[in-house]
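K.L.:
Let me begin by handing over the structure; questions about it come next.
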Amino acid sequence: MQINFAGRTLDMSGCHVMGILNVTPDSFSDGGRYNTVEIALARAREMVADGAAFIDVGGESTRPGATPVSIEEELARVCPVVEAIARDLDVVVSVDTSSPQVMAEVVKLGAGMINDVRALQRDGAPEVVARAEVPVCVMHIQGEPDTMQDDPRYRNVRREVSSFLTERMRVIEKAGVRPDNIILDPGFGFGKSPQHNLQLLASLEQLQLLGHPMLVGMSRKSMLGHITGRDVSERLPASLAAATISAMKGASIIRVHDVRETVDAVKVVTAMEEAGR
Ligand code: 8Y7
């Protein structure tokens, strides 16, 4: 099962690592744009050297309580970084955005994938992705980022995540996105209690049944803090355990902060699976 990400073809039966690159002002000490691009490119270069197949560039914080950014501001943050990485590095540039304007623009600059935590629910987003003919990650979310963690509830979290994704795929495919270009994500931490997250992780194979490659992101997330009692800066071991579990359960892309360490963990899983065949 191959997917073409703007000219780079990857085998989705393998497991690939996606490095997180935040270009929000709070992720850099210096506010100047030129400096920001240089720093972001250097960080991306490091993650590519560490084995990242994807760099996920994000200019809007989805943390609860984060102030929303205008489209102009998001474009100003993301575009120069996408352009620089696409020009200089051998990697698929993914862009974490919910804005159809940003989606249209970054694809022109060389982005090879759209990663939307709002599952293309904004007006016009499915049509933009269809026209751009790029792969898209469709993630489950309950509610909006600002309020999603206020007492999230489900009758059956696994069934509800699956039916949400199935319904989104119906709408997105109707707008013209090819089914082969859709990657699914259960959206760990997006409107879910620690127990909901663990139930989803325990049955990640079930999401495979929808017949699309899976992307998962648990790196340093509070669900791991909840399990281990560790602060965010001390969650690497737990993040590696989560990545290992995801790889074993069939994830094609694992979105992480710590690329080098995760690539090693994935290599162990892949080596074991090859020996077992
Ligand atoms: C995810 C994500 C974030 C995730 C996908 C964080 C942008 C929060 N998490 N995208 N984005 N899946 N596809 O802690 O789990 O990294 S932001």
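K.L.:
Just for region 61-115: of the residues that are hydrophobic (A, V, I, L, M, F, W, C) and surrounded by fewer than 16 Cβ atoms within 10 Å (Cβ to Cβ), which one is nearest to I141 (Cα to Cα)? Show your work before the answer.
P.N.:
Within region 61-115, the subset hydrophobic (A, V, I, L, M, F, W, C) is 66, 69, 71, 75-76, 78-79, 81-82, 84-86, 89, 91-93, 95, 102-104, 106-107, 109, 111, 113-114.
Filter again for surrounded by fewer than 16 Cβ atoms within 10 Å (Cβ to Cβ), leaving 66, 71, 76.
Details: A66: 17, I71: 21, A76: 26 Å.
Residue satisfying both the conditions and the ranking: A66.
K.L.:
Yes or no: region 42-49 includes at least one residue that is surrounded by 21 or more Cβ atoms within 10 Å (Cβ to Cβ) and either in contact with a Phe, Trp or Tyr (Cβ under 9 Å, 6 or more places away or on another chain) or modelled with pLDDT of 95 or more (or both).
P.N.:
yes
K.L.:
Look at Q195 and say whether it is open to solvent by 20 Å² or more (accessible area, probe 1.4 Å), in contact with a Lys or Arg (Cβ under 8 Å, 6 or more places away or on another chain), away from the ligand (no atom under 16 Å from the Cβ) and not hydrophobic (A, V, I, L, M, F, W, C).
P.N.:
no
K.L.:
Hey, another quick one. Scan region 245-268 and report the pairs whose first residue is open to solvent by less than 10 Å² (accessible area, probe 1.4 Å) and whose second residue is of a type in the set (D, E, K, R), with Cβ atoms within less than 7 Å and a gap of 6+ or a chain change.
P.N.:
V259/D50
K.L.:
State whether one or more residues within region 144-154 are closer than 18 Å to H226 by Cβ, within 13 Å of the ligand (Cβ to nearest atom) and touching a His at 6+ places or on another chain (Cβ under 8 Å).
P.N.:
Scanning region 144-154, I find no residue that is closer than 18 Å to H226 by Cβ, within 13 Å of the ligand (Cβ to nearest atom) and touching a His at 6+ places or on another chain (Cβ under 8 Å), so the answer is no.
K.L.:
May I ask you to list the residues in region 198-211 that are open to solvent by 30 Å² or more (accessible area, probe 1.4 Å) and of a type in the set (G, A, S)?
P.N.:
Answer for region 198-211, where residues must be open to solvent by 30 Å² or more (accessible area, probe 1.4 Å) and of a type in the set (G, A, S): A202, G211.
K.L.:
Continuing with the same structure: Taking V107 and the conditions (1) within 16 Å of the ligand (Cβ to nearest atom); (2) in contact (Cβ under 8 Å) with a residue 60 or more places away in the chain, which numbered condition does it fall short on, given that it satisfies the others?
P.N.:
Every listed condition holds for V107 apart from (1).
K.L.:
Would you check which residues across region 218-248 are charged (D, E, K, R) and more than 21 Å from V117 (Cβ to Cβ) and list them? Show your work before the answer.
P.N.:
To start, the set of residues in region 218-248 that are charged (D, E, K, R) comprises 220-221, 230-231, 234-235.
Correct list: R230, D231, E234.
The values are calculated or read from the model by the stated rules, or taken from the named source; none is laboratory data. Everything numeric here is computed off the predicted structure, so don't read it as measured data. Because the Cβ atoms are built from the backbone with ideal geometry, glycine has one as well, and the counts that use them run over all protein chains shown. Just the protein is used for accessible areas: all its heavy atoms, side chains included, with ligands, DNA and RNA removed. Shrake-Rupley method; radii C 1.70, N 1.55, O 1.52, S 1.80 Å.
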